[in-house]
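The values are calculated or read from the model by the stated rules, or taken from the named source; none is laboratory data. Please read these numbers as outputs of a predicted model, since none were measured by experiment. All Cβ positions, glycine included, derive from the backbone under ideal geometry; neighbour counts span all protein chains shown.
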Amino acid sequence: MSPPAVDRMFITSVWLQCIIYGAYKFNCVLFGVCMYVIFIRNKSAHWIVPLSCIFHFSMATVHIIISFLYALQGLTDPAVISVPYGSTLYFASVTALWSTMTGLYLFNVLVLHFLLIWRFYLVWNRNLVATIILLILEVGHLATALAAWGMVTHSREIDEPIALHVATALFILNIVLTIYLTSGIAYRLWRAGADTFDLTGHNAYKPAIYTIIQCGALYTSSIVVICILRLSGKPAGLVAPYVGIQFATLTPLLLIVSLKFGVRHDQA
């Protein structure tokens, strides 16, 4: 591994974060104003909708700020850059800023999964059996994430071999959960639209189904890319999760938009 490559990959990851963040910032702010109006005027609007929008957008904003501070520390701090390949060693080691960024990513994904499980529970007419299975998978996902995080923190090395294998299991569980949830929600909405097709002449949930499939595919693709980069041992694998949090934020925001344009919890 070429040492300067880690520096370039980190700067690239921050740049990609800013692009993705800037791409949906204006639409998110505009949607937040719309959701505020809807929430105030429509007393039946569920509190979790505007709260989820605010939470995920805040997580993405905080992550961008910490990434900037992380880059500033690794590229300008005299104590770091005075050492040969100091910036590379800094970005490849476990620090407080690294732990904070990783924690934000895991917490953001956890909330995203619970949002999807909540939607799954509602559209499947509060099916407890299927929901409990999903919650068990989520507990396994969370336990694996904490185990990998603990191993890396204990060894003080981001690319610790055993933690890498645990992280691979983490990504696989993440992919399984996301596919299960998005396909389950989309299928249920398709069945609901098909049942009322004779009355309406069209599938009223088709736009929402497309949105759920698209954002699910977007998030799943980001996980697959992160997993491949991590397993390849390339420098990009060390910083890929920093970009992943933006996709983990974009997915629930797209889902919230789909809620506004035809998928309401009282209609599911």
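Confirm whether Phe55 is at pLDDT 80 or above and farther than 27 Å from Lys234 by Cα.
Details: at pLDDT 80 or above: yes; farther than 27 Å from Lys234 by Cα: yes.
Taking the combined requirement at face value, the residue satisfies it.
Out of curiosity, is Ile54 in contact with a helix residue (DSSP H, G or I) (Cβ under 9 Å, 6 or more places away or on another chain), at negative phi, without any contact (Cβ under 8 Å) to a residue 60 or more places away in the chain and not hydroxyl-bearing (Ser, Thr, Tyr)? Outline the logic, then answer.
Values: in contact with a helix residue (DSSP H, G or I) (Cβ under 9 Å, 6 or more places away or on another chain): yes; at negative phi: yes; without any contact (Cβ under 8 Å) to a residue 60 or more places away in the chain: yes; not hydroxyl-bearing (Ser, Thr, Tyr): yes.
The answer is yes for Ile54.
Scan the stretch 211-237 residue by residue and report those that are more than 18 Å from Glu160 (Cβ to Cβ), among the β-branched types (Val, Ile, Thr) and either more than 13 Å from the chain's Cα centre (by Cα) or buried (at least 18 other Cβ atoms within 10 Å of the Cβ) (or both).
Thr211, Ile212, Ile213, Thr220, Ile223, Val225, Ile228, listed by residue number.
Go through the stretch 81-96 and count every residue that is assigned to a helix (DSSP H, G or I) and surrounded by fewer than 17 Cβ atoms within 10 Å (Cβ to Cβ). If you could, list the steps in order and put the result at the bottom.
Restricting attention to the stretch 81-96, the residues satisfying the condition of being assigned to a helix (DSSP H, G or I) are 81, 86-91, 96.
Among the residues that remain, those that are also surrounded by fewer than 17 Cβ atoms within 10 Å (Cβ to Cβ) are: 81, 89, 96.
Qualifying residue count, the stretch 81-96: 3.
Could you list all residues from the stretch 113-151 that are in contact with a Gly (Cβ under 9 Å, 6 or more places away or on another chain) and either surrounded by 19 or more Cβ atoms within 10 Å (Cβ to Cβ) or under 25 Å from Thr100 (Cα atoms) (or both)? Before the answer, list the steps.
Initially, the stretch 113-151 is screened for residues in contact with a Gly (Cβ under 9 Å, 6 or more places away or on another chain), giving 116, 120, 123-124, 130, 134, 149.
Selection gives Leu116, Phe120, Val123, Leu134, Trp149.
For Ala167, state whether it is in contact with a Leu (Cβ under 7 Å, 6 or more places away or on another chain), crowded, with 16+ Cβ neighbours inside 10 Å and at pLDDT below 85. Explain how you work it out, then say what you get.
Values: in contact with a Leu (Cβ under 7 Å, 6 or more places away or on another chain): no; crowded, with 16+ Cβ neighbours inside 10 Å: yes; at pLDDT below 85: yes.
No; evaluated as a whole, the condition is false for this residue.
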